1. Got a number for residues in segment 126-155 being under 13 Å from the mean Cα position of the chain (by Cα) and within 19 Å of I241 (Cβ to Cβ)?
2. Based on what the data block shows, is V98 over 23 Å from A232 (Cβ atoms), in a loop (DSSP other than H, G, I, E, B) and either touching a Lys or Arg at 6+ places or on another chain (Cβ under 9 Å) or not basic (K, R) (or both)?
3. Does G142 satisfy the criteria of being in a loop (DSSP other than H, G, I, E, B) and either of a type outside the set (F, W, Y) or crowded, with 21+ Cβ neighbours inside 10 Å (or both)?
4. Considering segment 110-139 alone, what residues qualify as being in contact with a strand residue (DSSP E or B) (Cβ under 6 Å, 6 or more places away or on another chain) and surrounded by 24 or more Cβ atoms within 10 Å (Cβ to Cβ)?
5. Please specify each residue of segment 64-77 satisfying the condition of being under 16 Å from N139 (Cβ atoms) and either more than 23 Å from the chain's Cα centre (by Cα) or modelled with pLDDT under 95 (or both).
6. What is the residue count in segment 252-309 for residues that are surrounded by fewer than 22 Cβ atoms within 10 Å (Cβ to Cβ), closer than 17 Å to F135 by Cβ and without any contact (Cβ under 8 Å) to a residue 60 or more places away in the chain?
7. Among the residues of segment 149-158, are any under 25 Å from L47 (Cα atoms) and of a type in the set (G, A, S)?
8. Read through the list (1) within 23 Å of L109 (Cβ to Cβ); (2) assigned to a helix (DSSP H, G or I), then give the number of the only condition that Q67 fails.
Amino acid sequence: MTQTCVYLGPELARYGFGDEHPFGTDRMGAFQEEFERRGLDKHCQVLPPMKGDPELLALFHAPDYLQLLAERSKSGEGYLDGGDTPAFRGVFEASLTVAGTVCDAADRLIAGECARAFVPIAGLHHARRDGAAGFCAVNDCGIVIEYLKKQHHLTRIAYVDIDAHHGDGVFYAFEEDAAVIFVDFHEDGRYLYPGTGAATETGRGAAKGRKLNIPLPPEADDVLFTRLWPAAEHFLKSFDIEFCILQAGADSIGGDPITHLNLSPRTHAAVARALSSLPCQRLLVLRGGGYNRHNLAQAWNDVVQALSA
């Protein structure tokens, strides 16, 4: 069995808002250049992106929103939300590729073709069921969770998020869903978009106590994260996890232009190693945010290196 699969290809890079935008199409190139410089392509199975069917998006998103997304994709004009997420020509097709690739990775993990998989343009955790948000036209995290539940009948899926921004689109979509074990480290919402993810938000109904939000103060560093992580790992181990998803946003690293945390790539690699050791042995890593190109190249390749060790 190949240990780590990594998806690369220009089709994935098409999800982006132009090189002048923080979420530009050049982010894939920054990752891939460092990936190849380190020779990681020799130690991983490199796979092409997979375009999904529209039905994949419909697993999570409302029909009215998908119709809007398809219409704006043709014109490339306007916004998909109140002003954070601009439309671009082909955004619908680019979103299908992100979702299709993430679900293909899930299938391969379930089939035992690899133990870990990394998708470098994914982790779009802000989009809601009925709309876009925060640079996220669709929510591939939510889509793959629904896919794992419906296609593979899983009932204990861990979602771990270390992006600087709270994964609100995932949290609120599954706030009452006991099948989703949720852990999210993020900059305190009093200081950063989207303003959510208080420690008191622990799930509702049957899911009460199955969600763990850990807001971090501005300038939080590796020392603080290392002190807080064991409790999160213990929380995850208290459930018999069948599948684990890591959203490894690099905007939590010091020097990001739009956030205020001060983690280093070492933390991202350490989290990847810790999750790789969970008994479920199925780990899907989604790239998430990160707007300093040097940071994202280092952090995500440190993650891949940790997965491949």
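1. So the answer is 4.
2. No: the conditions fail for V98.
3. Numbers: in a loop (DSSP other than H, G, I, E, B): no; either of a type outside the set (F, W, Y) or crowded, with 21+ Cβ neighbours inside 10 Å (or both): yes.
Spelling it out, it is not the case that G142 is in a loop (DSSP other than H, G, I, E, B) and either of a type outside the set (F, W, Y) or crowded, with 21+ Cβ neighbours inside 10 Å (or both).
4. R116, A117, F118, V119, A122, G123, L124, H125, H126, A127
5. D64, L68
6. 1
7. Taking every residue of segment 149-158 in turn, at least one turns out to be under 25 Å from L47 (Cα atoms) and of a type in the set (G, A, S).
8. Of (1) within 23 Å of L109 (Cβ to Cβ); (2) assigned to a helix (DSSP H, G or I), only one is false for Q67: (1).
The values are calculated or read from the model by the stated rules, or taken from the named source; none is laboratory data. Keep in mind it's a predicted model, so treat the numbers as computed, not measured. For neighbour counting, all protein chains shown are included, and Cβ atoms are generated from backbone atoms with ideal geometry for every residue, glycine included.
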